[in-house]
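First the structure, in the form of structure tokens, and then the observations on it.
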2 protein chains.
Amino acid sequence: MSQSSIIFEDLDPPKRLLMGPGPVDVYPSVLEALSKPMLGQFDPQFTEYMNQVMVLFRQVFRTENEWTLLIDGTSRAAIEACLVSMIEPGDRVLVPRFGRFGFLLSEISKRCGAEVITLDAEWGTVFEPDQIADALKSHAPKYVTMVHGDTSTTMAQPLEEIGPLCREAGTILHIDACATLGGNPLEVDDWQLDVVTAGLQKCMSGPPGSAPTTFNDRVAEIVSNRKHIEAGIRPDGFENADGPCISSNYFDLSMLMDYWSPSRLNHHTEATSMLYAARECARVILSEGLEQVFKRHRSVNAALRAGLEAMELKLFGEAKYRMANVTGVVIPDGVDGEAVRRDMLNDFGIEIGTSFGPLHGKIWRIGSMGHVCRQEHVLRCLDTLTTVLQRNGASTPSHVGVDTAENCFGADK
Amino acid sequence: MSQSSIIFEDLDPPKRLLMGPGPVDVYPSVLEALSKPMLGQFDPQFTEYMNQVMVLFRQVFRTENEWTLLIDGTSRAAIEACLVSMIEPGDRVLVPRFGRFGFLLSEISKRCGAEVITLDAEWGTVFEPDQIADALKSHAPKYVTMVHGDTSTTMAQPLEEIGPLCREAGTILHIDACATLGGNPLEVDDWQLDVVTAGLQKCMSGPPGSAPTTFNDRVAEIVSNRKHIEAGIRPDGFENADGPCISSNYFDLSMLMDYWSPSRLNHHTEATSMLYAARECARVILSEGLEQVFKRHRSVNAALRAGLEAMELKLFGEAKYRMANVTGVVIPDGVDGEAVRRDMLNDFGIEIGTSFGPLHGKIWRIGSMGHVCRQEHVLRCLDTLTTVLQRNGASTPSHVGVDTAENCFGADK
């Protein structure tokens, strides 16, 4: 060992129970997948794994879309890849926002040079289809981009009617399903969603850093019309050498399509370990069965909520629009929300979430998703929260949270 | 299990010996690090790991730069993050190119809206400092971006004199050190390199998908002047709400600086497992000692080359500019280069590399780097290559490749 180097201790993260809005604990078989040896990026076994990932995520997204692949980055990387590949400067983009991640979509659209029209719903609510229909009529946007489930408010926007409205208006619809995929029903084809981006670190229960993405032929056509091939690997006779160009190289979907299709034209080096993880996340969820996974998220989080309400805590937002996997809990008057979170984490190893912007300091966000979404974790969380609230001066009654949640599980069996 | 799901078999990648230009086999302790459990992104232990990563990579890059962090993507993601955060449309960028990855730099610069001036060296050579000095004088570029070691040609550009030339000209110098970091000497501060980007999957012997990056205060000032904060998390009173803006959100270095500094302003969710891997890669290399690591790469690859030449194979490019970790080998007349690669991989589990553009079908690229860079692998590769060449009709002499290389190792002991 070099004398002068500082190398710190061996990696040994403390065991947490992650019950915030994500990232969450990873399925054990996903951790195992992460530790498998590398393959070359054009090794036949590796390109076979890439193809399998496409097949697996078509099932998770419930789509026939050929273009179902991973973006190598966290979920906002996939959002940016899709928006920057589609939007030309001056294109009109409608962004209905009902939380912090809606702001992210308008922010990214603006950076892509779009003329951005925003529509704002009060945090804790969602949009009625009529509101979207009216905005489509008034503004005739080329694109609509919106969040499915916005963890900042814990609300999920029903999309069944939004897709057909956009299709009818000739508008391309992008949905950010990062926080809902794999835990809340999402029907890409049935709901006529043109392009959907997600992440692994929420209900998919994988590590952050790889972003499953699917888009249909309407989107593929738009990005293909903007296609550009790097001079260093450009085939002879390729025409659009100096034509219109997507402003990002890394996020250029037309090049990613070449990389993920049999032509296998070199682009980035696919993130091997993250692809292994993504593959395993999809396998775990499909093995359990999507409907069963949705049911588990719904019933486990319903028990959690019943327990929280029995503890005389108020839940945030409109009940019928709540995401299946995360709940906003109003911090009781006189309680220091950050002190409670600190005690939960430091003394009991349980992470619950804080919140952003107008809700900062007003609500906690408690999630139960993926591998974490099961009875024992809910009971442990409620029990600990009771103790910690009492120690922080709240008048929370003992036992009722756990008892109430446990009864829900009993009733569900 | 759901009846209708296709879930494929358990992940079980065949064991390869990766002796191409990268990705390469990963250090065993890095695979272990990848399988550790998640932490929340603002967990004190996780932010401590982020800080440790900064300290570790400052040592690997040999820099005092505060801004030494990871970009969550493959190495071209880091290139794009730095260029898009610095370049304003119309800025003049000089790109001296001596291989395929130089083309990538001009491609990305152009997409950022730069006025791109290219300077081309014949593949297999590099630039003389005078050529760069002349171009700096003629074009007065705001930025120079160039590759340190271009795996497409296996040449490494000496940089000791380029940095001071750029500094003197008032030009910001970006270096893509993806293929050299951790195996070839690289002195970020001593050589006056303003911004350097890399990857894990070459000499660092980690998985692709995380990109170590360092930049000095000159670069920090440029990107800070273009700073913009998302409306959803913008503090009251922040001024530049509608001012100049970096065209990417994901790659906005000014926001990444906030995320990687004590203010910890939320941006993306850091890729937990990849950060664990990056941390471990740096620890392994610093534990061995950088000078020892460089020496190992130099001597192991020298032995490989001696063996290849003893086998009557011709090496590509100017010998004195060769990268320490990868060698271009001219495919002998009458030998089907792809058939040899296929047999090496399918029959013997060894991957060697093909090549791009003008060199496609003309050279193989044989690497020995990171965990792969040791005697047993070189001997195994040479032995197998001898057998496979003979079986593919070449008149390669038996044994001399292995014997010659082994003598080199002996002499080195």
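Could you list, in sequence order, all residues of the range A:48-104 that are among the acidic types (Asp, Glu) and in contact with a Lys or Arg (Cβ under 9 Å, 6 or more places away or on another chain)? Even if it seems obvious, please write down each step before you answer.
Restricting attention to the range A:48-104, the residues satisfying the condition of being among the acidic types (Asp, Glu) are A:48, A:64, A:66, A:72, A:80, A:88, A:91.
Once the filter is applied, which keeps residues that are among the acidic types (Asp, Glu) and in contact with a Lys or Arg (Cβ under 9 Å, 6 or more places away or on another chain), the range A:48-104 yields A:Glu64, A:Glu66, A:Glu80, A:Glu88, A:Asp91.
Among the conditions (1) in contact with a strand residue (DSSP E or B) (Cβ under 8 Å, 6 or more places away or on another chain); (2) more than 21 Å from B:Ser29 (Cβ to Cβ), A:Phe46 misses just one, which is (1). Would you check if there is a residue in the range B:290-308 being at positive phi and not hydroxyl-bearing (Ser, Thr, Tyr)? Scanning the range B:290-308 turns up no residue that is at positive phi and not hydroxyl-bearing (Ser, Thr, Tyr). Tell me, yes or no, whether the range B:105-112 has at least one residue that is crowded, with 24+ Cβ neighbours inside 10 Å and over 22 Å from A:Gly73 (Cβ atoms). There is at least one residue in the range B:105-112 that is crowded, with 24+ Cβ neighbours inside 10 Å and over 22 Å from A:Gly73 (Cβ atoms). Out of (1) of a type outside the set (Asp, Glu); (2) crowded, with 24+ Cβ neighbours inside 10 Å; (3) assigned to a helix (DSSP H, G or I); (4) within 12 Å of chain B (Cβ to nearest Cβ), what's the single condition that is false for A:Gln292? Answer for A:Gln292: the failing condition is (2). If you go through the range A:318-340 and keep only what is in a loop (DSSP other than H, G, I, E, B) and either touching a residue at least 40 places away in the same chain (Cβ under 8 Å) or under 27 Å from A:Gln292 (Cβ atoms) (or both), you end up with A:Glu318, A:Met323, A:Ala324, A:Asn325, A:Pro332, A:Gly334, A:Val335, A:Asp336. Against the conditions (1) surrounded by fewer than 17 Cβ atoms within 10 Å (Cβ to Cβ); (2) in contact with a Pro (Cβ under 9 Å, 6 or more places away or on another chain); (3) in a helix (DSSP H, G or I), B:Glu312 satisfies every one except (3). Checking each residue in the range B:88-114 for being more than 9 Å from every other protein chain (Cβ to nearest Cβ), hydrophobic (A, V, I, L, M, F, W, C) and more than 18 Å from the chain's Cα centre (by Cα) picks out B:Val93, B:Leu94, B:Ala114. Selection of the range A:54-87 for residues being of a type in the set (Val, Ile, Thr), within 10 Å of chain B (Cβ to nearest Cβ) and surrounded by fewer than 23 Cβ atoms within 10 Å (Cβ to Cβ) yields only A:Val55.
The rows are residues; the columns are (1) assigned by TED's automatic domain parsing to the domain that holds B:Val330; (2) within 30 Å of A:Pro207 (Cβ to Cβ); (3) touching a helix residue (DSSP H, G or I) at 6+ places or on another chain (Cβ under 8 Å); (4) not in a helix (DSSP H, G or I).
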| site | (1), (2), (3), (4) |
| --- | --- |
| B:Leu119 | no, no, yes, yes |
| B:Gly163 | no, no, no, no |
| B:Cys166 | no, no, yes, no |
| B:Ile175 | no, yes, no, yes |
| B:Leu186 | no, yes, yes, yes |
| B:Met204 | no, yes, yes, yes |
| B:Ile222 | no, no, yes, no |
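Condition first: of a type in the set (D, E, K, R) and farther than 25 Å from B:Leu181 by Cβ. Now tell me which residues in the range B:120-141 satisfy that. Within the range B:120-141, B:Glu122, B:Asp130, B:Asp134, B:Lys137 meet the criteria. For B:Leu382, the conditions (1) crowded, with 19+ Cβ neighbours inside 10 Å; (2) under 26 Å from B:Arg100 (Cβ atoms); (3) in contact (Cβ under 8 Å) with a residue 40 or more places away in the chain are fulfilled apart from (2). So, in the range A:386-407, of the ones that are within 31 Å of the chain's Cα centre (by Cα) and surrounded by fewer than 20 Cβ atoms within 10 Å (Cβ to Cβ), which residue ends up nearest to A:Asp336 (Cα to Cα)? Selected residue: A:Thr404.
Residue by residue, here is whether (1) of a type in the set (D, E, K, R); (2) part of a helix (DSSP H, G or I); (3) in contact (Cβ under 8 Å) with a residue 60 or more places away in the chain holds:
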{"residue": "A:Gln41", "(1), (2), (3)": "no, no, yes"}
{"residue": "A:Val55", "(1), (2), (3)": "no, yes, no"}
{"residue": "A:Gln59", "(1), (2), (3)": "no, yes, yes"}
{"residue": "A:Val93", "(1), (2), (3)": "no, no, no"}
{"residue": "A:Thr145", "(1), (2), (3)": "no, no, yes"}
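Of all residues in the range B:247-287, count the ones that are hydroxyl-bearing (Ser, Thr, Tyr) and either assigned to a loop (DSSP other than H, G, I, E, B) or away from chain A (no Cβ under 11 Å) (or both). Total meeting the criteria: 8.
May I ask you to verify whether A:Pro44 is at pLDDT 95 or above, outside the structural domain of A:Leu159 (by TED's automatic domain parsing) and in contact with a helix residue (DSSP H, G or I) (Cβ under 9 Å, 6 or more places away or on another chain)? Working first, answer last.
Numbers: at pLDDT 95 or above: yes; outside the structural domain of A:Leu159 (by TED's automatic domain parsing): no; in contact with a helix residue (DSSP H, G or I) (Cβ under 9 Å, 6 or more places away or on another chain): yes.
Against the criterion (at pLDDT 95 or above, outside the structural domain of A:Leu159 (by TED's automatic domain parsing) and in contact with a helix residue (DSSP H, G or I) (Cβ under 9 Å, 6 or more places away or on another chain)), A:Pro44 does not qualify.
The residues of the range A:345-380 that are within 24 Å of A:Tyr27 (Cα to Cα), among the hydrophobic types (A, V, I, L, M, F, W, C) and within 14 Å of chain B (Cβ to nearest Cβ), listed by number, are A:Leu345, A:Phe348, A:Ile350, A:Ile352, A:Ile366, A:Met369, A:Val372. In summary, A:Thr272 fulfils each of the numbered conditions (1) β-branched (Val, Ile, Thr); (2) over 18 Å from B:Ser273 (Cβ atoms); (3) under 22 Å from the mean Cα position of the chain (by Cα) with the single exception of condition (2). In the range B:1-16, the residue that is farthest from B:Val284 (Cα to Cα) out of those that are in contact (Cβ under 8 Å) with a residue 12 or more places away in the chain and surrounded by fewer than 21 Cβ atoms within 10 Å (Cβ to Cβ) is B:Pro14.
Just give me the residues in the range A:245-265 being among the hydroxyl-bearing types (Ser, Thr, Tyr) and closer than 24 Å to A:Pro89 by Cα, in sequence order.
First, the residues of the range A:245-265 that are among the hydroxyl-bearing types (Ser, Thr, Tyr): A:247-248, A:250, A:254, A:259, A:261, A:263.
Matches in the range A:245-265: A:Ser247, A:Ser248, A:Tyr250, A:Ser254.
The values are calculated or read from the model by the stated rules, or taken from the named source; none is laboratory data. What you are looking at is a predicted structure, and each value in this text was computed from that prediction instead of being measured. Reconstructed Cβ throughout: ideal geometry from the backbone, glycine too, with neighbour counts over all protein chains shown.
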